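S.K.: Sharing a structure, written as structure tokens. Questions coming.
Read the figures in this text as sums done on the coordinates, not as results from a lab. If you're wondering where the values come from, they're calculated on a predicted model, not measured in any experiment. Here the Cβ positions follow ideal geometry from the backbone for every residue, glycine too, while neighbour counts run over all protein chains shown.
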Amino acid sequence: MPKITETFELYGKEYTLTTGEVARQATGAVVVSQGDTVVLVTAVVSKERKDYDFFPLTVDFIERMYAVGRIPGGYLKRESRPSDKGTLTARMIDRPIRPGFADGFRNEVHIVVTTLSADQINQPDVISIMGASTALLVGGVPFDGPAAGVRIGRDKDTGEFIVNPTFDEEANSDLELTLAGTAEYISMVEAGADEISEEDMLAAMAFGQKVIGELCAIQRLFVQRVNPEPKVYPIDESNPEIAERVAPYFDAMSAALRDADKQARMEKVAALKEEVKATFTEEERASWGKEVAAQLKALEKKAMREMVLTTGERVDGRAVDEIRPITIEPSFLPRSHGSGLFTRGQTQVLSVLTLGMLNEWQRLDTIDPAPGKRYIHHYNFPPYCTGEAGRMGAPKRREIGHGFLAERALYPVLPDEKEFPYTIRIVSEVTESNGSSSMASACGSTLALMDAGVPIKRPVSGIAMGLIKEGDRTAILSDIQGLEDFLGDMDFKVCGTEKGITALQMDNKAKGLTIDILAQALTQAKVGRSFILGKIVEAISTPREELSQYAPRIISIQIPVDKIRDIIGTGGKVIRGLQEETGATIEVTEDGTVYIASKDTGGEEAKRRIELIIKVPEIGEEYNGTVVSVQSFGAFVQLLPGKDGLLHISKVANGRVDKVEDVLNIGDTVRVKITDIDDKGKVSLDRLDKPDAPPSSGNRSGGYDSRSRDDRNSGRSNDRNSDNRRPRRRD
């Protein structure tokens, strides 16, 4: 295939699609660029059909650190496991691509996105969705595309929508909405927002759908230029005989599904399936085993959907807009910094918060310009939460995605680090799951934050919405459970405050999803969110006034930048000494902000000492100083840590003093006053509590010292009468 390139401009941004030059042995490959951000997207379809009962699609998003001119951190200096951002991007690509394949497609599909260049101006994720679609199409794969993705921002000042904003444009945006789908329907939505209204969110979605249509039109033109040869792959076809033999059990399946208890319902459905399988001969089961299982799953799906569409009643007896019973228990754990147990039906999440110093923030080793974050949310989904046994290891894509959604939902209401100088980590443990555990995590996070005394702007709640659509018949479900998520057409999660939406995520399987349906879902979700929010406020209405006794107290003070080295000291000697002596943890930032953390009074003591170190003495101030050095011409008195002044010998006592040691010694405390500070910063002192000079010293007020000059000079090395006097050396 010859090299083919298409360059186009859309809403002020320039893009390029290129194929036929790189990775030519892949089924399809395309290089996509926006500005100087370049990704290589390859798609490979296995030659043989896999004997699976699912579609084997794998998407990998590879962040190469050379793309930003950096060497990976760590000992090996090699990229290892994907970052959370890389995992989320791979998930973002998978969701709009997967629905484009036929139900019976069983050849393995592997899409690999490699970041070749990242200008840290334009983001590589959404253009990778267009790249994946184009790679499949130019490879002649039977893919129902084209598909594309777009990120929509909104300028805070002008209110105008921004298509695929740069990182700088995103910093001045109150919306980050990522959509993906085809020109006809939306299949995936991710959003973070600064409490915006449902109407504004819908307007952004409608605009994004229009942009996706334009990107799909450009792909069609590009593929026409390539003119790939279509490839033919086998498609699994269902056996009509199996469907006919399973169909009579529809009523029995409907009856088995009617149970509010998840485990009991699953047992009834499993028992019915075994009963139906027993009607097949041993030879038929051996030959049709997977197809029989697939038809029984299809029967379960049909029975559940018909129940909702025909009767308006769900398997647990709820109406379509009814929320499951909610119980809330803040302060669930005795010694955590903040905690909350949120239970909704058979979904339960324990969220636990820990506060730390700002230097405990999470550093990110990615191709994005953001160095790290101070608010971290981790979501854990152990096997026991669904009554199963299994292995536990590294978090999977689902756990990372759900954790990120809950993190994004709470971020807009967090206090600024100047107001609340802490790193905040919340861990949500899913202890029981029957749908909407990510939304329970958002609610649990709100409880933990308020229980810890974090001054959030407003509490946040979340709800998961579902959709059942058969032709023109549609039902939107509030607070979906697991079965409705798995067998339904949409999982639409909405988080927000009483003021507006803070986060949103949607996966869609229905190709007829319209903006009108989304509008109805958002309106119904707002009612559900408000109901759940009311339950949260009943349990804990505002953040605690005091932090937990087990949480560190952090004090922040601002010091001049040129005083930072005084706090640190040579080789860190001063700051280490302060920490050892007070028990506090001290962090000094480049802008002169000092954070002091402790669980007792050590923080206040450290603050007092730091203020003394940075204090600039002024003429007229009085101090109780300590003598730190004695010289022939006077004594050096420490006024403040690291700041001494000279008390001249003539100022140490009333009367003439020959030796400072006659009056003062190292370690003595003396009351002094600053009389002068020269242009070099040298401080001159006067003693306020002067004693009379001792008799052994010359006394100006008592008369002249009767000793001869020779006697007074006796013992000195330069005594003129000394026979051993060495002549002065002349240079």
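S.K.: Could you please state, rounded to a whole Å, how far the C-alpha centre of the stretch 626-671 is from the C-alpha centre of the stretch 481-542?
M.R.: What the calculation gives is 75 Å, centre to centre.
S.K.: When the label point is put 7 Å from the Cα of E622 along its Cα-to-beta-carbon vector, which residues of the stretch 668-690 have a backbone N closer than 17 Å?
M.R.: 669-676, 685-690
S.K.: Still on this structure, please answer the following. Order by neighbour count: R397, R408, R335, fewest other Cβ atoms within 10 Å first, most last. Can you show the working numbers first?
M.R.: Values: R397 15, R408 22, R335 8.
Ranking R397, R408, R335 by Cβ neighbours within 10 Å, fewest first, gives R335, R397, R408.
S.K.: Work out the length of the dipole vector of the chain about its Cα centre, built from +1 on the beta-carbon of each Lys and Arg and -1 on the beta-carbon of each Asp and Glu, and round it to the nearest 20 debye. Working shown, then result.
M.R.: On the way: 94 positive and 112 negative charges, 561 e Å.
It works out to roughly 2700 debye.
S.K.: In Å, the Kirkwood hydrodynamic radius of the stretch 553-614 over pairs of distinct alpha carbons? List each step's numbers first, then the result.
M.R.: Details: mean 1/r = 0.0892 Å⁻¹.
So the Kirkwood estimate lands at 11.2 Å.
S.K.: Quick check on the exposure proxy: order L57, L487 from fewest to most C-beta atoms within 10 angstrom. Mind showing how you got there, number by number?
M.R.: Values: L57 16, L487 21.
Taking fewest neighbouring Cβ atoms as first place, the list is L57, L487.
S.K.: Could you run the Karplus curve 6.51 cos²θ - 1.76 cosθ + 1.60 with θ = phi - 60° over the stretch 583-600 and give me ³J(HN,Hα) per residue in whole Hz, x for Gly and Pro?
M.R.: Going residue by residue, I get x, 8, 9, 10, 10, 10, 9, 5, 8, x, 7, 10, 10, 10, 10, 6, 9, 9 Hz, with x marking Gly and Pro.
S.K.: Would you please give the FRET efficiency between E419 and K509, computed as 1/(1 + (r/R0)^6) with r the Cβ-Cβ distance and R0 = 35 Å, to the nearest 0.05? Walk me through the intermediate numbers first.
M.R.: Working: r = 43 Å, r/R0 = 1.24.
Efficiency at R0 = 35 Å is approximately 0.20.
S.K.: Once you have the Cα-Cα distance between A243 and E604, take 0.36 nm times their residue separation minus that, and quote the gain in nm to one decimal.
M.R.: On the way: separation 361, 0.36 × 361 = 129.96 nm, distance 7.59 nm.
This chain segment gains 122.4 nm when fully extended.
S.K.: P(r) for the stretch 415-522: what percent of alpha-carbon pairs falls in each 10 Å bin, starting at zero?
M.R.: 13, 39, 28, 15, 5, 0
S.K.: Based on the alpha carbons, how large is the Rg to Rh ratio for the stretch 180-302 when Rh follows Kirkwood?
M.R.: Values: Rg = 23.0 Å, Rh = 19.4 Å.
Radius of gyration over Kirkwood radius for the stretch 180-302 works out to 1.19.
S.K.: If you build the Cα gyration tensor of the chain and take the root of 5 times each eigenvalue, what three semi-axes come out, in whole angstrom, biggest first?
M.R.: On the way: eigenvalues 1080, 200, 97 Å².
One finds semi-axes of 73, 32, 22 Å for the chain.
S.K.: To two decimal places, what compactness ratio does the stretch 367-412 give when its Cα radius of gyration is scaled by 2.2 N^0.38 Å? Intermediate results must be reported in sequence, preceding the final value.
M.R.: On the way: Rg = 13.5 Å, N = 46, 2.2 N^0.38 = 9.4 Å.
Cα Rg divided by the expected 2.2 N^0.38 Å: 1.43.
S.K.: If you don't mind, there's one more thing I want to ask. Any idea what the alpha-carbon Rg over 2.2 N^0.38 Å comes to for the stretch 240-311? Mind showing how you got there, number by number?
M.R.: On the way: Rg = 12.4 Å, N = 72, 2.2 N^0.38 = 11.2 Å.
Here the Cα radius of gyration is 1.11 times the empirical estimate.
S.K.: In addition: Sorted from largest down, give the three principal axis spans of the alpha carbons of the stretch 462-565, whole angstrom values.
M.R.: Result for the stretch 462-565: principal-axis Cα extents of 71, 36, 25 Å.
S.K.: On to the next question. I'd like to know which of L449, V588, F531 lies farthest towards the positive end of the charge dipole of the chain, counting +1 on Cβ of Lys and Arg and -1 on Cβ of Asp and Glu.
M.R.: Of L449, V588, F531, it is V588.
S.K.: Next question, about the same structure. Roughly how tilted is helix 125-138, in degrees to the nearest 10 and between 0 and 90, from the longest Cα axis of the chain?
M.R.: 30 degrees
S.K.: Once R0 is set to 25 Å, what does the formula 1/(1 + (r/R0)^6) return for the Cβ-Cβ distance between E322 and K396, expressed as a FRET efficiency to the nearest 0.05? Please list the in-between numbers first.
M.R.: Working: r = 31 Å, r/R0 = 1.25.
The calculated FRET efficiency here is 0.20.
S.K.: When the Kirkwood radius is taken over all Cα pairs of the stretch 4-226, what Stokes-Einstein diffusion coefficient follows at 20 °C and 1.002 mPa s, in µm²/s? Each step should come with its number before you reach the end.
M.R.: Details: Rh = 18.0 Å.
Answer, rounded: 119 µm²/s.
S.K.: What are the extents of the Cα atoms of the stretch 500-612 along their three principal axes, listed from largest to smallest and rounded to whole Å?
M.R.: Between the extreme Cα coordinates on each principal axis of the stretch 500-612 lie 69, 33, 22 Å.
S.K.: Would you please report the Å³ per residue occupied by the convex hull of the alpha carbon atoms in the stretch 622-705? Let's see the in-between values first.
M.R.: Values: hull volume 7.7 nm³, N = 84.
Convex hull of Cα atoms, per residue: 92 Å³.
S.K.: Taking 8 Å as the Cα distance limit and 6 or more residues as the minimum spacing, I'd like the relative contact order of the stretch 148-241 as a percentage. Don't skip to the end; give the middle numbers.
M.R.: Details: 117 pairs, mean separation 22.8, N = 94.
24 percent.
S.K.: Anything over 22 Å Cα to Cα? Flag those among K290/K469; K273/K509; K277/K297; K373/K563; K301/K509; K156/K499, in the order listed. Don't skip to the answer; put the middle values down first.
M.R.: Details: K290/K469 27 Å; K273/K509 25 Å; K277/K297 12 Å; K373/K563 27 Å; K301/K509 14 Å; K156/K499 17 Å.
Where the Cα-Cα span goes over 22 Å, the pairs concerned are K290/K469; K273/K509; K373/K563.
S.K.: Given the convex hull over the Cα atoms of the stretch 326-539, what projected area results after averaging over all orientations, in nm²? Don't skip to the answer; put the middle values down first.
M.R.: On the way: hull surface 52.8 nm².
With the hull built on Cα positions only, its mean projection is 13.2 nm².
S.K.: Taking Cα pairs under 8 Å and at least six residues apart, what relative contact order does the chain come out at, in percent? Let's see the in-between values first.
M.R.: Numbers: 1497 pairs, mean separation 64.4, N = 731.
Reported relative contact order: 9 percent.
S.K.: Let me ask something else. Can you give the local net charge around D155? Use residues other than it whose beta-carbon is closer than 11 angstrom to its beta-carbon, Lys and Arg +1, Asp and Glu -1. Don't skip to the end; give the middle numbers.
M.R.: Numbers: positive: R154, K156; negative: D157, E160, E169, E170, D174.
Value of the local net charge: -3.
S.K.: Oh, and also: Let me have the 222 nm mean residue ellipticity of the chain computed from DSSP H runs of 4+ only, each contributing -39500 (n - 2.57), with the sum over all residues rounded to the nearest 500.
M.R.: So the calculated ellipticity at 222 nm is -9500 deg cm²/dmol.
S.K.: What percent does the relative contact order of the stretch 4-226 come to when contacts are Cα pairs within less than 8 Å and at least six residues apart? Intermediate values should be presented prior to the final figure.
M.R.: Details: 458 pairs, mean separation 43.1, N = 223.
Computed value for the stretch 4-226: 19 percent relative contact order.
S.K.: With 10 angstrom as the radius, rank Y422, Y75 by how many other C-beta atoms surround their C-beta, starting from the fewest. Each step should come with its number before you reach the end.
M.R.: Values: Y422 26, Y75 5.
Sorted ascending by nearby Cβ count, the order is Y75, Y422.
S.K.: I want to check the label-to-label distance for R363 and Y11. Put each point 7 Å from Cα in the C-beta direction and report it in nm to one decimal.
M.R.: 3.6 nm
S.K.: Considering the convex hull of the alpha carbon atoms of the stretch 1-117, report its projected area averaged over all viewing directions, in nm², one decimal.
M.R.: Details: hull surface 38.5 nm².
With every direction weighted equally, the projected area is 9.6 nm².
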